[in-house]
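The values are calculated or read from the model by the stated rules, or taken from the named source; none is laboratory data. The structure displayed is predicted, hence computed values, not measured ones. Here the Cβ positions follow ideal geometry from the backbone for every residue, glycine too, while neighbour counts run over all protein chains shown. What goes into the accessible areas is simple: the full protein's heavy atoms, side chains included, and nothing from ligands, DNA or RNA. Shrake-Rupley method; radii C 1.70, N 1.55, O 1.52, S 1.80 Å.
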Amino acid sequence: METLILKQQQLDQAADFIRQGELVAFPTETVYGLGADATNETAVKKVYAAKGRPSDNPLIVTVSDIAMVEKYTQPFSDDAKALMAKFWPGSLTMIFKLKPNALSKAVTGGLDTAAFRFPKNQATLDLISKAGVPIVGPSANTSGKPSPTTAQHVYHDLNGKIAAIVDDGPTTVGVESTILDMSVATPSILRPGAVTKEDIEAVIHRPVIDELHHVGAKQTPKAPGMKYKHYAPNAQVYIVDPDDDWHDVVAWIKQHPQPIGVMAFDDVIKTINWPDNVDVISLGNDARTAAHDLFAELRDFDNHPAYKIIFTQGIDPKGIGEAYMNRLNKSAGQMHFKQL
Ligand code: TXA
Ligand code: MG
(Lines give C-alpha, C1' and ligand atoms only; values in the text may rest on other atoms or scores of the structure.)
(Ligands and ions follow the chains in the order given, each with its own letter.)
Protein backbone atom coordinates (compact mmCIF):
# COMPACT_ATOMS: atom_id res chain seq x y z
CA MET A 1 0.00 0.00 0.00
CA GLU A 2 1.28 3.48 -0.88
CA THR A 3 0.54 5.89 1.96
CA LEU A 4 -1.50 8.92 0.79
CA ILE A 5 -0.57 12.42 1.95
CA LEU A 6 -3.83 14.29 2.51
CA LYS A 7 -4.44 18.02 2.86
CA GLN A 8 -6.96 19.64 5.16
CA GLN A 9 -9.55 19.73 2.35
CA GLN A 10 -9.43 15.92 2.21
CA LEU A 11 -10.50 15.21 5.81
CA ASP A 12 -13.64 13.36 4.65
CA GLN A 13 -11.41 10.76 3.02
CA ALA A 14 -9.28 10.52 6.17
CA ALA A 15 -12.41 10.08 8.32
CA ASP A 16 -13.63 7.32 5.97
CA PHE A 17 -10.33 5.48 6.45
CA ILE A 18 -10.73 5.72 10.25
CA ARG A 19 -14.31 4.40 10.11
CA GLN A 20 -13.13 1.53 7.87
CA GLY A 21 -10.57 0.48 10.49
CA GLU A 22 -7.53 1.83 8.60
CA LEU A 23 -4.65 3.83 10.11
CA VAL A 24 -4.30 7.58 9.50
CA ALA A 25 -1.47 9.72 10.92
CA PHE A 26 -2.66 13.09 12.16
CA PRO A 27 -1.08 16.43 13.16
CA THR A 28 -1.13 17.84 16.68
CA GLU A 29 0.61 20.83 18.25
CA THR A 30 3.17 18.49 19.89
CA VAL A 31 4.12 15.70 17.46
CA TYR A 32 2.28 13.72 14.76
CA GLY A 33 0.11 10.86 16.02
CA LEU A 34 -0.93 7.53 14.53
CA GLY A 35 -4.72 7.31 14.52
CA ALA A 36 -7.10 4.39 14.56
CA ASP A 37 -10.70 4.03 15.74
CA ALA A 38 -10.27 3.51 19.50
CA THR A 39 -13.52 1.50 19.62
CA ASN A 40 -12.33 -1.00 16.96
CA GLU A 41 -9.97 -3.55 18.50
CA THR A 42 -8.75 -4.90 15.15
CA ALA A 43 -7.86 -1.39 14.01
CA VAL A 44 -6.06 -0.63 17.30
CA LYS A 45 -3.96 -3.78 16.99
CA LYS A 46 -2.72 -2.60 13.59
CA VAL A 47 -1.17 0.43 15.34
CA TYR A 48 1.16 -1.78 17.38
CA ALA A 49 2.18 -3.70 14.27
CA ALA A 50 2.86 -0.55 12.19
CA LYS A 51 5.00 1.04 14.93
CA GLY A 52 6.66 -2.16 16.12
CA ARG A 53 5.38 -1.17 19.58
CA PRO A 54 5.37 -3.58 22.55
CA SER A 55 1.76 -4.60 23.11
CA ASP A 56 1.77 -3.96 26.90
CA ASN A 57 2.25 -0.24 26.26
CA PRO A 58 -1.16 1.48 26.47
CA LEU A 59 -2.27 4.08 23.95
CA ILE A 60 -3.48 7.64 24.41
CA VAL A 61 -7.11 8.19 23.42
CA THR A 62 -7.45 11.39 21.36
CA VAL A 63 -10.79 13.23 21.48
CA SER A 64 -12.46 16.31 19.97
CA ASP A 65 -14.70 17.15 22.93
CA ILE A 66 -15.09 16.43 26.62
CA ALA A 67 -18.29 14.39 26.17
CA MET A 68 -16.16 11.79 24.30
CA VAL A 69 -14.06 11.37 27.46
CA GLU A 70 -17.02 11.22 29.87
CA LYS A 71 -18.51 8.36 27.91
CA TYR A 72 -15.69 6.07 29.06
CA THR A 73 -14.56 7.45 32.42
CA GLN A 74 -15.68 7.67 36.04
CA PRO A 75 -17.11 11.11 36.96
CA PHE A 76 -14.53 13.92 36.84
CA SER A 77 -13.16 15.51 40.01
CA ASP A 78 -13.34 19.29 40.40
CA ASP A 79 -9.57 19.40 39.76
CA ALA A 80 -10.01 17.52 36.50
CA LYS A 81 -12.73 19.92 35.41
CA ALA A 82 -10.57 22.94 36.25
CA LEU A 83 -7.59 21.51 34.33
CA MET A 84 -9.74 20.77 31.28
CA ALA A 85 -11.16 24.30 31.36
CA LYS A 86 -7.66 25.77 31.47
CA PHE A 87 -5.60 23.47 29.21
CA TRP A 88 -7.96 21.78 26.70
CA PRO A 89 -7.48 21.84 23.82
CA GLY A 90 -3.74 21.70 24.52
CA SER A 91 -0.69 19.73 25.57
CA LEU A 92 -1.94 18.19 28.82
CA THR A 93 -2.90 14.51 28.63
CA MET A 94 -4.83 13.24 31.66
CA ILE A 95 -5.22 9.69 32.94
CA PHE A 96 -8.65 8.81 34.34
CA LYS A 97 -10.25 5.70 35.85
CA LEU A 98 -12.50 3.97 33.34
CA LYS A 99 -15.98 2.54 33.63
CA PRO A 100 -15.66 -1.25 33.67
CA ASN A 101 -14.74 -2.64 30.23
CA ALA A 102 -15.24 0.75 28.62
CA LEU A 103 -12.29 0.36 26.23
CA SER A 104 -10.60 -2.72 24.84
CA LYS A 105 -7.45 -4.20 26.32
CA ALA A 106 -5.65 -3.32 23.10
CA VAL A 107 -6.06 0.35 24.09
CA THR A 108 -5.47 0.12 27.85
CA GLY A 109 -2.87 -2.64 27.98
CA GLY A 110 -5.15 -4.22 30.60
CA LEU A 111 -5.11 -1.21 32.99
CA ASP A 112 -8.33 0.14 34.54
CA THR A 113 -7.32 3.64 33.42
CA ALA A 114 -6.74 5.40 30.12
CA ALA A 115 -4.91 8.55 29.04
CA PHE A 116 -7.04 11.17 27.24
CA ARG A 117 -5.75 13.95 25.02
CA PHE A 118 -7.59 16.88 23.44
CA PRO A 119 -5.01 18.29 20.99
CA LYS A 120 -4.85 21.88 19.78
CA ASN A 121 -5.04 21.24 16.05
CA GLN A 122 -8.16 22.09 14.11
CA ALA A 123 -7.61 19.57 11.30
CA THR A 124 -7.39 16.72 13.79
CA LEU A 125 -10.34 17.91 15.86
CA ASP A 126 -12.37 18.03 12.61
CA LEU A 127 -11.10 14.58 11.63
CA ILE A 128 -12.25 13.07 14.94
CA SER A 129 -15.63 14.85 14.77
CA LYS A 130 -16.18 13.60 11.22
CA ALA A 131 -15.16 10.04 12.14
CA GLY A 132 -17.50 10.23 15.16
CA VAL A 133 -15.19 8.14 17.36
CA PRO A 134 -12.15 8.85 19.53
CA ILE A 135 -8.88 7.77 17.93
CA VAL A 136 -5.89 6.19 19.63
CA GLY A 137 -2.86 8.39 19.12
CA PRO A 138 0.65 7.24 19.89
CA SER A 139 3.42 9.21 18.26
CA ALA A 140 3.57 8.23 14.56
CA ASN A 141 7.18 6.97 14.54
CA THR A 142 8.76 3.56 14.44
CA SER A 143 9.01 2.52 18.09
CA GLY A 144 12.33 3.70 19.60
CA LYS A 145 12.94 6.51 17.06
CA PRO A 146 12.56 10.27 17.65
CA SER A 147 8.91 11.34 17.45
CA PRO A 148 7.81 12.89 14.13
CA THR A 149 7.28 16.65 13.92
CA THR A 150 6.47 16.78 10.18
CA ALA A 151 4.36 14.66 7.80
CA GLN A 152 7.64 13.78 6.01
CA HIS A 153 9.04 12.21 9.20
CA VAL A 154 5.91 10.05 9.43
CA TYR A 155 6.21 9.09 5.75
CA HIS A 156 9.85 8.12 6.29
CA ASP A 157 8.93 5.68 9.09
CA LEU A 158 5.51 4.40 8.05
CA ASN A 159 5.13 4.65 4.26
CA GLY A 160 3.42 1.48 3.05
CA LYS A 161 2.22 0.57 6.54
CA ILE A 162 -0.64 3.07 6.96
CA ALA A 163 -3.45 4.34 4.71
CA ALA A 164 -2.79 8.10 4.94
CA ILE A 165 -1.14 11.05 6.64
CA VAL A 166 -2.98 14.35 7.19
CA ASP A 167 -0.31 16.99 6.49
CA ASP A 168 -0.63 20.23 8.45
CA GLY A 169 3.00 21.34 8.29
CA PRO A 170 5.55 21.22 11.13
CA THR A 171 4.23 20.97 14.70
CA THR A 172 4.68 23.99 16.98
CA VAL A 173 5.76 22.45 20.33
CA GLY A 174 7.99 19.61 19.12
CA VAL A 175 7.90 17.32 22.19
CA GLU A 176 4.96 15.20 23.33
CA SER A 177 2.27 16.30 25.77
CA THR A 178 2.62 16.37 29.53
CA ILE A 179 1.04 13.22 31.00
CA LEU A 180 -0.72 13.80 34.31
CA ASP A 181 -2.12 10.85 36.25
CA MET A 182 -5.47 11.97 37.72
CA SER A 183 -6.44 8.44 38.81
CA VAL A 184 -4.39 8.66 42.04
CA ALA A 185 -4.87 10.66 45.27
CA THR A 186 -2.14 13.18 44.43
CA PRO A 187 -1.97 14.02 40.70
CA SER A 188 1.39 12.87 39.30
CA ILE A 189 3.32 13.95 36.24
CA LEU A 190 4.40 10.78 34.41
CA ARG A 191 5.99 12.60 31.46
CA PRO A 192 6.99 16.28 31.41
CA GLY A 193 5.82 18.45 28.50
CA ALA A 194 4.91 22.02 27.63
CA VAL A 195 2.37 22.22 30.48
CA THR A 196 4.58 22.34 33.57
CA LYS A 197 4.18 21.36 37.22
CA GLU A 198 3.87 25.07 38.08
CA ASP A 199 1.16 25.58 35.45
CA ILE A 200 -0.86 22.69 36.90
CA GLU A 201 -0.39 23.69 40.55
CA ALA A 202 -1.55 27.22 39.73
CA VAL A 203 -4.90 25.77 38.65
CA ILE A 204 -5.55 23.13 41.32
CA HIS A 205 -3.91 25.00 44.25
CA ARG A 206 -2.16 21.91 45.63
CA PRO A 207 1.19 20.22 45.00
CA VAL A 208 1.54 17.61 42.25
CA ILE A 209 4.11 14.81 42.23
CA ASP A 210 6.83 15.32 39.66
CA GLU A 211 9.46 12.72 40.50
CA LEU A 212 8.19 9.57 38.87
CA HIS A 213 9.78 10.23 35.49
CA HIS A 214 13.15 11.41 36.80
CA VAL A 215 16.24 9.73 35.53
CA GLY A 216 17.32 7.02 37.94
CA ALA A 217 13.87 6.79 39.58
CA LYS A 218 13.79 3.36 41.20
CA GLN A 219 10.14 2.44 40.90
CA THR A 220 8.75 0.67 37.84
CA PRO A 221 7.71 3.48 35.53
CA LYS A 222 4.00 4.15 35.92
CA ALA A 223 3.74 5.10 32.24
CA PRO A 224 4.69 1.74 30.73
CA GLY A 225 6.16 3.41 27.65
CA MET A 226 8.83 5.15 29.69
CA LYS A 227 10.82 1.94 30.26
CA TYR A 228 11.64 1.31 26.61
CA LYS A 229 14.52 2.70 24.59
CA HIS A 230 13.31 5.97 23.14
CA TYR A 231 14.02 8.77 20.71
CA ALA A 232 17.36 7.26 19.71
CA PRO A 233 19.00 8.29 16.42
CA ASN A 234 21.53 5.96 14.75
CA ALA A 235 24.46 8.00 16.09
CA GLN A 236 25.35 8.00 19.79
CA VAL A 237 24.28 11.24 21.45
CA TYR A 238 26.42 12.73 24.25
CA ILE A 239 25.01 15.49 26.45
CA VAL A 240 27.27 18.50 26.97
CA ASP A 241 26.16 19.72 30.41
CA PRO A 242 25.98 23.37 31.50
CA ASP A 243 29.13 22.88 33.63
CA ASP A 244 31.15 21.44 30.71
CA ASP A 245 33.52 23.69 28.75
CA TRP A 246 32.81 23.63 25.00
CA HIS A 247 36.53 24.22 24.39
CA ASP A 248 37.12 20.75 25.88
CA VAL A 249 34.56 19.36 23.45
CA VAL A 250 36.37 21.03 20.55
CA ALA A 251 39.71 19.65 21.75
CA TRP A 252 38.17 16.15 21.78
CA ILE A 253 36.73 16.65 18.28
CA LYS A 254 40.15 17.72 16.93
CA GLN A 255 41.65 14.46 18.15
CA HIS A 256 38.90 12.43 16.41
CA PRO A 257 38.91 13.38 12.72
CA GLN A 258 35.59 11.80 11.74
CA PRO A 259 32.25 13.47 10.90
CA ILE A 260 30.78 14.73 14.19
CA GLY A 261 27.45 16.41 14.81
CA VAL A 262 26.88 19.28 17.23
CA MET A 263 23.53 20.66 18.38
CA ALA A 264 24.00 23.81 20.44
CA PHE A 265 22.51 27.21 21.20
CA ASP A 266 23.37 30.26 19.10
CA ASP A 267 25.39 31.94 21.85
CA VAL A 268 27.70 28.89 22.05
CA ILE A 269 27.86 28.39 18.29
CA LYS A 270 29.10 31.91 17.60
CA THR A 271 31.85 31.91 20.20
CA ILE A 272 33.59 28.75 18.92
CA ASN A 273 35.90 28.26 15.96
CA TRP A 274 34.52 24.90 14.80
CA PRO A 275 36.86 22.32 13.21
CA ASP A 276 36.10 21.20 9.61
CA ASN A 277 34.86 17.74 10.55
CA VAL A 278 31.92 19.17 12.52
CA ASP A 279 28.39 19.80 11.29
CA VAL A 280 26.83 22.33 13.69
CA ILE A 281 23.06 22.72 13.94
CA SER A 282 21.40 25.45 16.01
CA LEU A 283 18.93 24.74 18.80
CA GLY A 284 17.93 28.42 18.72
CA ASN A 285 18.05 30.66 21.75
CA ASP A 286 16.06 29.05 24.56
CA ALA A 287 14.40 25.93 25.94
CA ARG A 288 11.32 26.43 23.78
CA THR A 289 13.23 26.48 20.47
CA ALA A 290 15.39 23.58 21.67
CA ALA A 291 12.32 21.44 22.47
CA HIS A 292 10.85 22.39 19.10
CA ASP A 293 13.99 21.42 17.15
CA LEU A 294 15.35 18.40 19.08
CA PHE A 295 13.59 15.49 17.35
CA ALA A 296 13.78 17.03 13.86
CA GLU A 297 17.53 17.61 14.17
CA LEU A 298 18.21 14.11 15.50
CA ARG A 299 16.32 12.80 12.46
CA ASP A 300 18.40 15.04 10.15
CA PHE A 301 21.56 13.34 11.38
CA ASP A 302 19.98 9.94 10.66
CA ASN A 303 19.97 10.94 6.97
CA HIS A 304 23.78 11.13 7.10
CA PRO A 305 25.02 7.73 8.28
CA ALA A 306 28.66 8.92 8.44
CA TYR A 307 27.87 10.74 11.69
CA LYS A 308 28.43 8.30 14.55
CA ILE A 309 28.60 10.87 17.35
CA ILE A 310 26.42 13.89 18.16
CA PHE A 311 27.19 16.34 20.97
CA THR A 312 23.99 18.03 22.17
CA GLN A 313 23.79 20.93 24.58
CA GLY A 314 22.13 20.25 27.92
CA ILE A 315 20.30 22.94 29.88
CA ASP A 316 18.80 23.63 33.28
CA PRO A 317 15.64 21.45 33.49
CA LYS A 318 13.24 24.31 34.23
CA GLY A 319 9.88 24.99 32.55
CA ILE A 320 9.78 23.33 29.14
CA GLY A 321 13.51 22.72 29.66
CA GLU A 322 12.44 19.77 31.82
CA ALA A 323 10.68 18.14 28.85
CA TYR A 324 13.68 18.91 26.61
CA MET A 325 16.14 17.33 29.07
CA ASN A 326 13.85 14.32 29.65
CA ARG A 327 13.79 13.55 25.90
CA LEU A 328 17.49 14.37 25.43
CA ASN A 329 18.49 12.04 28.29
CA LYS A 330 16.60 9.21 26.64
CA SER A 331 18.01 9.96 23.18
CA ALA A 332 21.47 9.79 24.69
CA GLY A 333 20.77 6.70 26.79
CA GLN A 334 22.05 8.91 29.69
CA MET A 335 25.50 9.33 28.09
CA HIS A 336 27.37 12.57 28.82
CA PHE A 337 30.46 14.17 27.31
CA LYS A 338 32.10 13.74 30.73
CA GLN A 339 32.03 9.96 30.25
CA LEU A 340 34.22 10.09 27.12
O1 TXA B 1 1.76 14.61 22.52
C2 TXA B 1 1.40 13.43 22.63
O3 TXA B 1 0.96 12.98 23.69
C4 TXA B 1 1.51 12.54 21.40
C5 TXA B 1 0.58 13.10 20.31
C6 TXA B 1 0.58 12.26 19.07
O7 TXA B 1 -0.71 13.25 20.83
N8 TXA B 1 1.22 11.16 21.71
C9 TXA B 1 2.08 10.35 22.40
O10 TXA B 1 1.68 9.04 22.60
O11 TXA B 1 3.14 10.75 22.82
P12 TXA B 1 2.68 7.85 22.98
O13 TXA B 1 1.88 6.60 22.87
O14 TXA B 1 3.89 7.92 22.11
O15 TXA B 1 3.03 8.09 24.47
C16 TXA B 1 2.04 7.86 25.45
C17 TXA B 1 2.62 7.49 26.76
C18 TXA B 1 3.29 6.14 26.78
O19 TXA B 1 4.51 6.27 27.50
C20 TXA B 1 2.29 5.25 27.52
O21 TXA B 1 2.95 4.22 28.20
C22 TXA B 1 1.64 6.24 28.47
O23 TXA B 1 1.53 7.41 27.71
N24 TXA B 1 0.26 5.82 28.86
C25 TXA B 1 -0.81 5.65 28.06
N26 TXA B 1 -1.89 5.23 28.77
C27 TXA B 1 -1.49 5.16 30.07
C28 TXA B 1 -2.13 4.79 31.30
N29 TXA B 1 -3.41 4.42 31.35
N30 TXA B 1 -1.39 4.82 32.43
C31 TXA B 1 -0.09 5.21 32.39
N32 TXA B 1 0.55 5.57 31.27
C33 TXA B 1 -0.12 5.54 30.12
MG1 MG C 1 5.88 7.84 21.51
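I need a count of the residues in segment 231-249 that are in a loop (DSSP other than H, G, I, E, B) and among the aromatic types (Phe, Trp, Tyr).
Selection size over segment 231-249: 1.
Can you pull out the residues in segment 35-52 that are within 15 Å of ligand 1 (Cβ to nearest atom) and in contact with a Gly (Cβ under 7 Å, 6 or more places away or on another chain)?
35
Out of everything in segment 19-34 that is among the small types (Gly, Ala, Ser) and within 13 Å of ligand 1 (Cβ to nearest atom), what residue ends up being farthest from residue 88 (Cα to Cα)?
Taking the candidates together, the pick is 25.
Yes or no: residue 21 within 16 Å of ligand 2 (Cβ to nearest atom) and not charged (D, E, K, R)?
In short, no.
Return only the number of the condition from (1) within 16 Å of ligand 2 (Cβ to nearest atom); (2) assigned to a helix (DSSP H, G or I); (3) open to solvent by less than 60 Å² (accessible area, probe 1.4 Å); (4) more than 20 Å from residue 59 (Cβ to Cβ) that residue 156 does not satisfy.
Of (1) within 16 Å of ligand 2 (Cβ to nearest atom); (2) assigned to a helix (DSSP H, G or I); (3) open to solvent by less than 60 Å² (accessible area, probe 1.4 Å); (4) more than 20 Å from residue 59 (Cβ to Cβ), only one is false for residue 156: (3).
Somewhere in segment 36-52, is a residue under 20 Å from the mean Cα position of the chain (by Cα) and assigned to a loop (DSSP other than H, G, I, E, B)?
Scanning segment 36-52 turns up at least one residue that is under 20 Å from the mean Cα position of the chain (by Cα) and assigned to a loop (DSSP other than H, G, I, E, B).
Determine if segment 211-221 includes at least one residue that is within 16 Å of ligand 2 (Cβ to nearest atom), modelled with pLDDT under 95, open to solvent by 30 Å² or more (accessible area, probe 1.4 Å) and not acidic (Asp, Glu).
The answer is yes, given that some residue of segment 211-221 is within 16 Å of ligand 2 (Cβ to nearest atom), modelled with pLDDT under 95, open to solvent by 30 Å² or more (accessible area, probe 1.4 Å) and not acidic (Asp, Glu).
Taking residue 1 as the residue in question, decide whether it is modelled with pLDDT of 95 or more and either open to solvent by 10 Å² or more (accessible area, probe 1.4 Å) or hydrophobic (A, V, I, L, M, F, W, C) (or both).
No.
Test each condition in (1) part of a loop (DSSP other than H, G, I, E, B); (2) modelled with pLDDT of 95 or more; (3) over 25 Å from the mean Cα position of the chain (by Cα) for residue 252 and report the one that comes out false.
All conditions pass for residue 252, except number (1).
Can you tell me how many residues in segment 257-267 are open to solvent by 20 Å² or more (accessible area, probe 1.4 Å) and either assigned by TED's automatic domain parsing to the domain that holds residue 174 or at pLDDT 95 or above (or both)?
Final tally of qualifying residues: 4.
Find all pairs meeting these conditions: Cβ atoms under 9 angstrom apart; at least six residues apart or on different chains; first residue within segment 70-85 and free of Cβ contacts under 8 Å to residues at least 40 places away in the same chain and farther than 20 Å from residue 133 by Cα; second residue among the charged types (D, E, K, R) and open to solvent by 20 Å² or more (accessible area, probe 1.4 Å).
76/70
If you take the residues in segment 119-139 that are assigned to a loop (DSSP other than H, G, I, E, B) and near ligand 1 (Cβ under 10 Å from one of its atoms), which one is nearest to the chain's Cα centre (by Cα)?
Among those that are assigned to a loop (DSSP other than H, G, I, E, B) and near ligand 1 (Cβ under 10 Å from one of its atoms), it is 138.
Find the residue count for segment 162-185, including only residues that are within 16 Å of ligand 2 (Cβ to nearest atom) and either part of a loop (DSSP other than H, G, I, E, B) or within 23 Å of residue 236 (Cα to Cα) (or both).
7
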